[in-house]
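Please treat every number below as a calculation from the coordinates, not as lab data. Quick caveat: nothing in here was measured; it's all calculated off a predicted structure. Positions of Cβ are generated from backbone atoms using ideal geometry, with glycine treated the same way; all protein chains shown enter the neighbour counts.
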2 protein chains.
Amino acid sequence: MNELIKAEVITIGDEILFGQITDTNTQWIGAQLTDMGIRPSWKTSVGDNKQDILNAFSEASKRVRVVIVTGGLGPTKDDITKYTFCEYFGSELKIHEEALAFITDFFEKRGRAMTALNTQQAALPTNATYIPNRWGTAPGMWFEKDDIIYVSLPGVPYEMKNLMEHEILPRLKERFRGNIIKHKVVKTIGIGESFLAEKISDWEDSLPSHIKLAYLPHFGQVRLRLTATGSDETRLDHELEELVASLLPYIETYVFGFDQDEMETVIGKLLYEQQATMGIAESCTGGFISHRITANSGSSLFFKGAVVSYSNDVKRTQLSVKEETLQAFGAVSEQTAIEMAEGAREALGATFAIATTGIAGPDGGTEEKPVGTIWVACASPSGTKTQLLQLKSSRKINIEMTSSYALNLLRKSIIDHYQALV
Amino acid sequence: MNELIKAEVITIGDEILFGQITDTNTQWIGAQLTDMGIRPSWKTSVGDNKQDILNAFSEASKRVRVVIVTGGLGPTKDDITKYTFCEYFGSELKIHEEALAFITDFFEKRGRAMTALNTQQAALPTNATYIPNRWGTAPGMWFEKDDIIYVSLPGVPYEMKNLMEHEILPRLKERFRGNIIKHKVVKTIGIGESFLAEKISDWEDSLPSHIKLAYLPHFGQVRLRLTATGSDETRLDHELEELVASLLPYIETYVFGFDQDEMETVIGKLLYEQQATMGIAESCTGGFISHRITANSGSSLFFKGAVVSYSNDVKRTQLSVKEETLQAFGAVSEQTAIEMAEGAREALGATFAIATTGIAGPDGGTEEKPVGTIWVACASPSGTKTQLLQLKSSRKINIEMTSSYALNLLRKSIIDHYQALV
């Protein structure tokens, strides 16, 4: 079998349309389906409105083989997904004994009282295959009609992800074998999309037709994603490897990683290999770099800690920045960045330390130092390096970009230091 | 005029379907449209595929008056939105002189070289109204056909938002007057969705039909959103106020804010009113609480800084946690949390300080202290309070929830301290 299996993800809920919550589910589902060779080809969000949901089901059934529906399964009155499935399939709701036992047990184990609303969560459309949810109280459901699969999952990300991972993806893998989509991502930092495109234009023109290239800019980084489709996994892998090898000479200095590599995990690996550690002094990034590092399990192996020195007091007392330096050059200066990095390296007992100080905006800019003026520094056993950033985005994005540039300075400092020792 | 104007947001790009980037645009657009009384009623994502894009345009035209399209306007070869608009409208691409002058100027001002690909960005469909983009190189476009408005914007969030705010929303406001949708959001923490629903069941049943209630759970918080539709803004505001006033007695102890209030801004306001300050000692939250606080401009008025004490060394040297305490009770203990909070209050010179220490997971749990065992503490001028959390989610969500509970403990400590002084 080498047919392209297409999927659509439908999310249900006014809160997503109205912009009141962030939808992280569909991104995750898209990535999971892609990885297993099913092509996510359409995504729909509709509100808590029966007619719209019915239309969404019916439109999806015309273009894809697999429809993944999330949301609208909660215990409250605005959740109408189950009723709508009944209408769509012409079935009816009935208490499912296994589901009821499961929910009862779920509440007992947690010592929590069960409400009448929770009992109703055990009612399922009569044509549904029951998918037990060990992570919450709304069961998953699997329907098939006219050779199309419909899967219904709760919208709570934790429950949805566990149900997908442990129940739905294995069933889909079993059903559809032989469709291969392979990806290879090359991650760059420090060069804009157009300039990158110019540099690799000849290479891009030489790509075979079954391999597509996409540019994915993201806060100062540009990811290059190659997508290959075919039926022979080994051959696709080999082709992608060769293409990446022929791409690298054009852009090597900008590449920091591949595929699942993130700046923070690349750094973690470099430090761990050298049994070295890092620390951070954060002013304008306000803890965000530490958060990026510690979001990864295992970071305690190389991350000593950080000082978020939002006030000048804290810069002096915790990082030993000199009063004279702050007076003479100001908090946003190369000199202060250097003393922060070196002070953090000392205070936190780390092999390497980075520092950020600047004006993230939207307030606080002056003519001499406009919003977006940011100094980053990296102190290492072989000296301290600095970089001046002049960013032009919103506070949030300035913080994001500064964190990436500071981590990239650290990455280069680690590589340089240990290369010099060889 | 009191017709309900519906809108659809269409995003274009394989990278969104494949789950390789997070789509934050549609959430933001949804919120903006909602605020101005246009109802976002459908959301579609399609890939970089001409036929799918054409189908998406055509389906949207059957159900909404306003279609906002983002993405696919970049300079590279996978960006096909403009060509597809030409095919959809039967128009053709032509260099737009004003757009070309703008782009040329954009590059000159930044001292950057312009590529042939950038020149092509000035080519627009002949039936497009040109919307100048002062924030990037891809112009916005406005089309009208059969009484339906189509807006095309770049997918880069910073450019898209500025174009919406300064160019598109004002035009839409001018076009559609008199449709009022008003929202009121009540934000709770520390009570689950079902229990909240039980508590307010009578109140919920008494809601008039033009006012809808939604439950929006979000990392230990549940937001209650009331949506009122009508034509008389003052009357709707008044109705919503009365409904909230009659709701509060049922759930007052769980409510921390309303509407745009976030835990961090509520705290900032409380501290600023008292001319008080805060500091943080973060272990398992790894800088995330500091990031939440400093994500808001103006936080330097009350936030002194933080120590991210990921190693025991840093707990001792920067926060004066006693070696005996770590030996006797371990890093994850009430005693360590207390010493961290009190140490941070002292070291950072803050009126209040919170501390977190625990096992965020997925590794590091023991039988006695399983993953999700987390202590939070808040040191204040009137003493130190602690709270034990036993969380059951992923690392990311455990960190999110801990940050909210720690900030809520701080919020209560501030209120208690100044109330005791009165």
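Tabulated results
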| quantity | calculated |
| --- | --- |
| Long-range tail of P(r) for region B:20-74 (Cα pairs > 16 Å, %) | 47 |
| Whole-angstrom gap from region B:28-47 to region A:11-71, using each part's C-alpha centre | 15 |
| Relative frequency of Cα-Cα separations exceeding 20 Å in region B:1-100, percent | 44 |
| Under Karplus coefficients 6.51, -1.76 and 1.60, residue-wise ³J(HN,Hα) of region A:128-137 in Hz, glycine/proline x | 7, 8, 6, 10, x, 10, 7, 10, x, 10 |
| Hits among lysines - C-alpha to C-alpha of A:Lys145 under 24 Å, sequence gap 8 or more where chains match | A:Lys6, A:Lys43, A:Lys50, A:Lys62, A:Lys82, A:Lys94, A:Lys173 |
| Region B:136-219: trypsin sites (Lys or Arg not before Pro) falling in loop per DSSP and having at most 13 other Cβ within 10 Å | B:Arg177 |
| Helix axis angle, A:263-273 relative to chain A longest principal axis, alpha carbon, degrees | 70 |
| Exposure proxy ranking, count of Cβ atoms within 10 Å, fewest first, for A:Leu213, A:Leu271 | A:Leu213, A:Leu271 |
| Relative counts (whole %) of C-alpha pair distances in chain A, using bins that are 10 Å wide | 4, 18, 21, 20, 19, 13, 4, 0 |
| Sparsely packed GluC sites (Glu not before Pro) within region A:56-161, loop by DSSP, other Cβ within 10 Å at most 16 | A:Glu92 |
| Computed Kirkwood radius, in angstrom, where 1/r is averaged over Cα pairs of region A:155-313 | 18.9 |
| Per residue Cα convex hull volume in Å³ - calculated over region B:359-418 | 67 |
| Cα-Cα pairs of region B:180-258 separated by more than 14 Å (percent) | 59 |
| HN-Hα J in Hz across region B:7-23 - Karplus 6.51, -1.76, 1.60, θ = phi - 60°, x for Gly and Pro | 10, 10, 10, 10, 10, 10, x, 3, 4, 6, 4, 6, x, 9, 9, 8, 8 |
| For region A:89-211, the fraction of alpha-carbon pairs in successive 10 Å shells from zero, as % | 10, 29, 22, 14, 14, 10, 2 |
| 222 nm mean residue ellipticity, helices alone, for chain A (DSSP H n ≥ 4; -39,500 (n - 2.57); rounded to 500) | -12500 deg cm²/dmol |
| q = 0.09 Å⁻¹, region A:267-422: log10 I(q)/I(0) [Debye, one scatterer per Cα] | -0.25 |
| Separation of alpha-carbon centers, region B:266-328 and region A:262-285, rounded to whole Å | 21 |
| Acute angle (nearest 10 degrees) that the helix B:395-421 long axis makes with the longest principal axis of chain B, alpha-carbon atoms | 60 |
| Neighbourhood net charge (11 Å Cβ-Cβ; Lys/Arg +1, Asp/Glu -1) for B:Asp237 | -2 |
| Coil-residue trypsin sites (Lys or Arg not before Pro) of region A:264-328, DSSP, other Cβ within 10 Å capped at 16 | A:Lys322 |
| Antiparallel bridges, percent of DSSP beta bridges restricted to region B:263-421 (to nearest 5) | 60 |
| Calculated from backbone phi, Karplus (6.51, -1.76, 1.60) coupling profile of region B:52-60 in Hz, x at Gly/Pro | 5, 5, 4, 4, 5, 4, 5, 5, 4 |
| Rg/Rg_ref, the protein assembly as shown, where Rg_ref = 2.2 N^0.38 Å and atoms are Cα | 0.96 |
| Global form of region B:136-181, assessed from the alpha-carbon gyration tensor, a/c cut-off 1.5 | oblate |
| Semi-axes of the equivalent ellipsoid for region B:6-175, Cα gyration tensor, largest first, Å | 24, 17, 17 |
| Hydrodynamic radius by Kirkwood, which averages 1/r over all alpha carbon pairs of region B:270-334, in angstrom | 13.1 |
